[in-house]
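Enquirer: Here's a structure for you.
The values are calculated or read from the model by the stated rules, or taken from the named source; none is laboratory data. Because the structure is a prediction, the values reported are computed rather than measured. A quick note on method: Cβ atoms are made from the backbone with ideal geometry, for glycine too, and the neighbour counts reach across all protein chains shown. In case anyone asks, the SASA skips ligands and DNA or RNA and just uses the protein heavy atoms, side chains included. Shrake-Rupley method; radii C 1.70, N 1.55, O 1.52, S 1.80 Å.
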Amino acid sequence: MAGKGLFVDEEEHDAVVVKEEPVDVVVMDVDTPEATETGSIDAEEADSDTRADDDSDDPVINTVPVLLNQVSEGSYHILQFPGRPKSRDLPEDIKPAVKPKSNYLQIKQPLDTSKFFNVNKQDSWGEEIGEQTVEGVLDPAKGMYVCRVVDGKVVMTPIASSVQLRPKFEYIDAVDKASAAAQRKEHESAAKPQTMQILSSVAKAPTQNLNADGYNGALGEALRYIKQFDEEEWVGLSWKSEGIDEALPKPEEEVITTTATKSDYIDMITSDLANL
Amino acid sequence: MGSDVAFQELLQPEFRGKKLTDEINTAQDKWNLLPAFLKVKGLVKQHLDSYNYFVDVDLKKIIKANELVLSDVDPDFYLKYLDIRIGHRSTSAPGTKEVILPPHECRLRDLTYSAPIYVDVEYTRGKKIVINRDLEIGRMPVMLRSNKCILDGLSEEKMARFDECPLDPGGYFIVNGTEKVILVQEQLSKNRIIVEADEKKGIVQASVTSSTHERKSKTYVVTKNDKIYLKHNSIAEDIPIVIILKAAGITSDLEIMQLVCGSNPAYQDIFMVNFEEAAKLEVFTQHQALLYVGKRVKTMRRAGAPKLTQLQEGIEAVATTIVAHLTVSDLQFREKALYIATMARRVVMAIDNPKMVDDRDYVGNKRLELAGQLVSLLFEDLFKKFNSDFKLNIDKVLKRPSRASEFDALLSINIHSNNITQGLNRAISTGNWSLKRFKMERAGVTHVLSRLSYISALGMMTRISSQFEKSRKVSGPRALQPSQFGMLCTADTPEGEACGLVKNLALMTHITTDDEEDPIRKLCFVLGCESILTADSATMHADGNFGVYLNGTLLGIIRYPNKFVASFRQLRRLGKVSAFVSIFTNTHQSAVHIATDGGRICRPLIIVENNKSRVNKEHLRKLLVGEWQFDDFLKHGLVEYLDVNEENDSLIALYEKNLSDNAGQQFTHLEIEPFTVLGAVAGLIPYPHHNQSPRNTYQCAMGKQAIGAIAYNQFRRIDTLLYFMVYPQQPMVKTKTIELINYDKLPAGQNATVAVMSYSGYDIEDALVLNKSSIDRGFGRCQVVRKNTVHLKNYPNHTKDILSGKRVDENGAAIFQHEAIGTDGLGEVGAKVTNGQIFVNKHVPTNTGDVVMNHNPADQPMESYRETPALYKGPEPSYVDQVMMSVTDNDQALIKVLLRQTRRPELGDKFSSRHGQKGVCGIIVQQEDLPFNDQGISPDIIMNPHGFPSRMTVGKMIELISGKAGVLNGSLEYGTCFGGSQLEDMSKILVEKGFNYSGKDQLYSGITGECLQAYIFFGPIYYQKLKHMVLDKMHARARGPRAVLTRQPTEGRSRDGGLRLGEMERDCVIAYGASQLLLERLMISSDAFEVDVCNTCGLMGYNSWCTTCKSSENVVKMTIPYAAKLLFQELISMNIAPRLKLGDVF
């Protein structure tokens, strides 16, 4: 695999959350590059296995056994905080919540008001802003593993999904909403005569149209999804900060070996491609 | 060309003098890959491939996308399409091809060569679910030689049984008896970003044309006042780029900066101002941005659709409207956000460095739309219409509250089946493609296949027409693009308004069809591409990181692009990935582009490794003995297809010797054969590399007009107009292309012995002197056959047209008009038909309208008929060649009479050599008067030497020398481009045979017998007779018909029109002072008309009476042109009174 640990740079900070029943959540900080090994490991393994034969100027200098962890309960997820420097620690008091059907994760964390925080702005909004919301879609992460070197062995644990958490600025929207509501109240009385006109436009008879995308009157796919998202309730989770060793399951003893030859491997990765 | 038999010869152990035991030289013999390629691919394979893809794959996709028909009335009702097949039922044996009739019969009987479209449906009948298989919903026109055509894969013998020519390329349709070609259309590629700059206005714009099954739309990212905006037709205002990116979920300014500018300070400075814009508009959050967009969306709600809130409008716009080819179905907007960010980045890059713009004319940015795709668009439109009609119909039935019997939906499905058939037929026969979905109206998509000669039909199949308007005054689209090397013929383009816009495919090209994207996407991730969903925005444009783009959409990033590309290519060479998926690196954009879309032109090249060709002697031996086919080379990774973009990422050696000569360079590929830069038509030219390039272009146009053999079935064909050469010869100097496209089997021309000298003065301005004895021997003799169709109609009152026998005079002999017809009223085969004679004696009933009420046949009056015979008109008589009588699909008799003329060359007939040197016959001279050489040979043609210096057609001279050597040697010589028989060798042969090395001979005058004062360049040159013949053009008129409206003589030869004395001629006559001549030409001989003009009011009256003044007092007669009188009256009708004021002449 080309970019081992490449994508962990100082702008990014990764954590792994074990999501189980909302009772206990384990969180650890993993700064080791292996933690974000992405792409499929078995690809690299098989590659290096076979390439040893024909690549004389790139000899194998060390062989490392690979262990694969089975996840028996819960699942592992990569949380990415784009825009947050690695040097800045995660605050302790974090409130995660999830919409499982919509695959959506939200994290509320206390806002760091010590730096770059404009108190005057907060005052002008007249609202107390204490929390920052970051959220994102849980993208299924097929073929992604967390790898750690334990006793000279690489231990891989499969990842269920990854999520990039972006700020939501709920407080600005809340201010907007409030002012919009106030405006509407003001206009309410003036707007009343206009309701008469709306009635007249209802009478339009639905005419058939060839251009209709198969269904008439239904919402677009994205809007339907958002409707479903809005209707779904948040499921609260709890946040724990733990070291990586406690968080990951105990490594299994069996070392994975591959019986696949190079051509088997190539067949595997291209199995769903139509041949000539 | 599917005919295996024709190619077997090429692949025989002993082929063209080369035996199995002969040494195989890779450098020379690798060209054998070309016939192998053409055997598999053929010259029109692109049409067949695309049609096959349409009927086998695309149709199923269309069915899948429109599979459900639901009712608004009954929620339980549904009809689902399960499968679709063309030309065979679910039960029929594999390989069954069900077509209406063999293609040639369709041609003759004016039918459409089509196959039934069968669908399997599942639907509800009452409470039951019923599956019905093999329901015919219409008929699909079948492309000849496609896998739905009965000719597919037939041997030469079996083809002959169907009256088909085995050399006919196929790839066209037969609709209502005419052969229709859907020309290849060239378009700008869809779903790709194109960056353009207008340096004068300081505008940079990135645009993308998104094309989905439902709609087509264009999204722009443009600069305006140094700020960047997103523009889309359905958004009323331009949206600042930062706001649209925020709406697409990139909430932090930092991330926007990372995605658009990376860490490049120059880019950051350019982009910075856009953040201020968004801040000024107080848009900070995604919610605010979506509202901002939603407010500006032009709502075009369909009737019945719910009214959306502004927020919903905004979401809808970002999710589906903008960059419509990427659809978002959940909350993950990242792909789309990155696409817009990439567009913005490309704009910023172009602002920073104006060279970073794309070239619209670059062949890699173009896609070719083929018959299959066009028919697919049409079919989907018709199928949707079919379904909505069907739905309306069942709704109507289901709405009725009480139905007597259970409703079976299938009963009403067949009502509309004609719509699909008719729609397809109409579009192909008129060439008007109107698609309601895209609001597309395109005319001139199809053309009648030109059957002037074999080569003109072939040239038409490889033609590509461009969608650019011809009127635009830009030279770019017309210019020769370096990137078209090997893909599009460099010589073959018409002159004049379509110059450079109509192109032709080169000899060894392939046009891709769509490949699946998903497996490729997965493979990219396996090969180490980091998905955009997990990659951090900051690393996206970090130095050394390359984006991986699949069909223009960012998939992820890769750290080691070279390795990625290398392993991808390796998989492709192993045959694991489709050979037509292309991958290449663009270092300027730090991008790896993978393309799987259809319509890319690509061509095969030999793979080179460590400056060694992978194809070696052993492989070529296998090919020659027939062990291997072209695809084996592909399978073994010896040859691969490159498209234009990937070609740009390679170093291709022209010849094998270049590999070893330039050891410092790392070649990646080797050309299979350099002469494949030319197309099929340009390939006819011998030694084209010695000609001035426009001459080759002229020849390409003329080669298509040459009269020759059309097809093996040419005498069975009944076409509107066909020309045959009576004794066609294969050229003495041929090219490899000629053999490959079988021009030697269906040639169009004759080898003429040419003397390049002046003779008689009738040879000025490229005129040719022809030898009368040569013409007697058959030189340039051709036949012209013309079809005349007569329909015998049936009328609603049960009367019908009839044929009547011939009328005879008192002696029992036929009257003059009926001399050519027999007792059946039809022309007799072989009979001579002269001007004014009848060849079909048709009679039409006088009463065709009213139904005669009398039911008793005895009471009915004898039906009366009126003669409406088919009259022959023409200066020269014709002979009846064939008479065909058949029935059309609506049971009306169809009579086709083929009339033939045999023509000898005459003064004014046009001839041309294969070097763009055309000339007309200036004089026909008795052989006795022509010069002769030592052997007593006199020339067939004398050509004036002034034709050479300015034209610089050196190829023609070499053709003469090679031809002469060939004649003396008894061999056919080659004039293949970039190769062929060497001049030195030819000269050697000439010297050996006792001739001058330069091809000059000593000639003696035929008139005086004296030796001519100079040596004359003398030898055979292949001459084509062009279709422009004097007999078809000669025209004169003393008096004749006049147009009804203007009373002026009619226009044009076909209407026996007059010759116009035009403006410029008028100017000359005025300048000369011959005003009376002017009066005569413009009025007296044309439309003189006597009018009564009232001198009081100045208006025209009649019969010496002025209607305005109610008097005849001052009415004078005068003669004016009728057209002038007409003008005055028209002006009066517009309330303008033109008053004539008369004065005395003397």
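Enquirer: Please indicate, with yes or no, whether at least one residue in region B:1096-1116 is modelled with pLDDT under 95 and assigned to a helix (DSSP H, G or I). Give the derivation first.
Expert: We begin by selecting, within region B:1096-1116, every residue modelled with pLDDT under 95; these are B:1096-1116.
Now drop any that are not assigned to a helix (DSSP H, G or I), which leaves none.
So far as region B:1096-1116 goes, no, none of its residues is modelled with pLDDT under 95 and assigned to a helix (DSSP H, G or I).
Enquirer: Continuing with this model, one more query. Suppose the filter is within 14 Å of another protein chain (Cβ to nearest Cβ) and either part of a loop (DSSP other than H, G, I, E, B) or buried (at least 23 other Cβ atoms within 10 Å of the Cβ) (or both); does B:PHE633 pass it?
Expert: Yes, satisfied.
Enquirer: For residues in region A:225-260 being open to solvent by less than 70 Å² (accessible area, probe 1.4 Å) and either touching a His at 6+ places or on another chain (Cβ under 9 Å) or within 14 Å of another protein chain (Cβ to nearest Cβ) (or both), which is modelled with the lowest pLDDT?
Expert: A:ALA260
Enquirer: Can you name every residue in region B:73-123 that is touching a residue at least 60 places away in the same chain (Cβ under 8 Å), under 30 Å from B:ILE394 (Cβ atoms) and in contact with a strand residue (DSSP E or B) (Cβ under 7 Å, 6 or more places away or on another chain)?
Expert: Within region B:73-123, B:PHE77, B:LEU79, B:ILE86, B:GLY87, B:THR112, B:SER114, B:ILE117, B:VAL121, B:TYR123 qualify.
Enquirer: In region A:116-150, which residue that is basic (Lys, Arg) and free of Cβ contacts under 8 Å to residues at least 40 places away in the same chain is nearest to B:ALA535 (Cα to Cα)?
Expert: The qualifying residue nearest to B:ALA535 (Cα to Cα) is A:LYS142.
Enquirer: I would also like to ask the following. Among the listed residues B:SER376, B:SER329, which satisfies the condition of being within 14 Å of chain A (Cβ to nearest Cβ) and either open to solvent by less than 10 Å² (accessible area, probe 1.4 Å) or of a type in the set (S, T, N, Q) (or both)?
Expert: Being within 14 Å of chain A (Cβ to nearest Cβ) and either open to solvent by less than 10 Å² (accessible area, probe 1.4 Å) or of a type in the set (S, T, N, Q) (or both) holds for just one of B:SER376, B:SER329, which is B:SER329.
Enquirer: Output the residues belonging to region B:242-286 that are facing another protein chain (nearest Cβ under 10 Å), acidic (Asp, Glu) and assigned to a helix (DSSP H, G or I).
Expert: Result: B:ASP253, B:GLU255.
Enquirer: Another question about this same structure. Quick one: which strands (runs of 3 or more DSSP E) lie wholly within region B:704-813 and hold at least 3 residues that are more than 17 Å from B:ASP940 (Cα to Cα)?
Expert: In region B:704-813, the matching strands (runs of 3 or more DSSP E) lie at B:721-725, B:782-792.
Enquirer: What number of residues within region B:236-250 satisfy the criterion of being surrounded by fewer than 23 Cβ atoms within 10 Å (Cβ to Cβ) and either in contact with a Ser or Thr (Cβ under 8 Å, 6 or more places away or on another chain) or among the acidic types (Asp, Glu) (or both)?
Expert: Total satisfying the criteria: 2.
Enquirer: Can you confirm whether B:CYS489 is open to solvent by less than 30 Å² (accessible area, probe 1.4 Å), within 11 Å of another protein chain (Cβ to nearest Cβ) and of a type in the set (A, V, I, L, M, F, W, C)? Even if it seems obvious, please write down each step before you answer.
Expert: Numbers: open to solvent by less than 30 Å² (accessible area, probe 1.4 Å): yes; within 11 Å of another protein chain (Cβ to nearest Cβ): no; of a type in the set (A, V, I, L, M, F, W, C): yes.
No; evaluated as a whole, the condition is false for this residue.
Enquirer: Related question: Answer with yes or no whether B:SER582 is open to solvent by less than 10 Å² (accessible area, probe 1.4 Å), more than 12 Å from chain A (Cβ to nearest Cβ), hydroxyl-bearing (Ser, Thr, Tyr) and touching an Asp or Glu at 6+ places or on another chain (Cβ under 9 Å).
Expert: Yes; evaluated as a whole, the condition is true for this residue.
Enquirer: Given the condition within 14 Å of chain A (Cβ to nearest Cβ) and open to solvent by less than 30 Å² (accessible area, probe 1.4 Å), answer yes or no: does some residue in region B:341-350 qualify?
Expert: There is at least one residue in region B:341-350 that is within 14 Å of chain A (Cβ to nearest Cβ) and open to solvent by less than 30 Å² (accessible area, probe 1.4 Å).
Enquirer: If you go through region B:1099-1146 one residue at a time, how many are among the basic types (Lys, Arg) and touching a Cys at 6+ places or on another chain (Cβ under 9 Å)?
Expert: Counting residues in region B:1099-1146 that are among the basic types (Lys, Arg) and touching a Cys at 6+ places or on another chain (Cβ under 9 Å) gives 1.
Enquirer: Go through (1) within 23 Å of the chain's Cα centre (by Cα); (2) within 14 Å of another protein chain (Cβ to nearest Cβ); (3) open to solvent by less than 70 Å² (accessible area, probe 1.4 Å) and name the single condition A:PRO140 misses.
Expert: Every listed condition holds for A:PRO140 apart from (3).
Enquirer: For region B:241-274, what are the residues that are under 22 Å from B:ARG296 (Cβ atoms) and of a type outside the set (A, V, I, L, M, F, W, C)?
Expert: B:LYS246, B:GLY249, B:THR251, B:ASP253, B:ASN274
Condition check ((1) over 38 Å from the mean Cα position of the chain (by Cα); (2) crowded, with 22+ Cβ neighbours inside 10 Å; (3) farther than 25 Å from B:TYR655 by Cα) across all residues:
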{"position": "B:ALA542", "(1), (2), (3)": "yes, no, yes"}
{"position": "B:ARG559", "(1), (2), (3)": "yes, no, yes"}
{"position": "B:LEU571", "(1), (2), (3)": "no, no, yes"}
{"position": "B:HIS588", "(1), (2), (3)": "no, no, yes"}
{"position": "B:VAL592", "(1), (2), (3)": "no, yes, yes"}
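Enquirer: Within region B:95-114, is there a residue that is modelled with pLDDT of 85 or more, crowded, with 16+ Cβ neighbours inside 10 Å and in a strand (DSSP E or B)?
Expert: Looking through region B:95-114, at least one residue is modelled with pLDDT of 85 or more, crowded, with 16+ Cβ neighbours inside 10 Å and in a strand (DSSP E or B).
Enquirer: If the requirement is being touching a residue at least 40 places away in the same chain (Cβ under 8 Å), facing chain A (nearest Cβ under 7 Å) and farther than 24 Å from B:ARG572 by Cβ, which of these qualifies: B:LEU533, B:LEU523?
Expert: Numbers: B:LEU523 fails: farther than 24 Å from B:ARG572 by Cβ.
One residue alone meets the criteria, B:LEU533.
Enquirer: For A:PRO158, only one of the following conditions fails: (1) surrounded by fewer than 20 Cβ atoms within 10 Å (Cβ to Cβ); (2) without any contact (Cβ under 8 Å) to a residue 40 or more places away in the chain. What is its number?
Expert: Single failed check for A:PRO158: (2).
Enquirer: Now for a separate question. Working carefully through the options B:GLY1019, B:GLY1006, B:GLY1040, B:GLY994, find the one that is free of Cβ contacts under 8 Å to residues at least 24 places away in the same chain and either assigned to a helix (DSSP H, G or I) or open to solvent by less than 50 Å² (accessible area, probe 1.4 Å) (or both).
Expert: Every option except B:GLY1040 fails the conditions.
Enquirer: Also, I was wondering about something else. Based on what the data block shows, is B:ASP152 in a loop (DSSP other than H, G, I, E, B), open to solvent by 40 Å² or more (accessible area, probe 1.4 Å) and modelled with pLDDT of 90 or more?
Expert: Considered against the rule, which asks whether it is in a loop (DSSP other than H, G, I, E, B), open to solvent by 40 Å² or more (accessible area, probe 1.4 Å) and modelled with pLDDT of 90 or more, B:ASP152 comes out as no.
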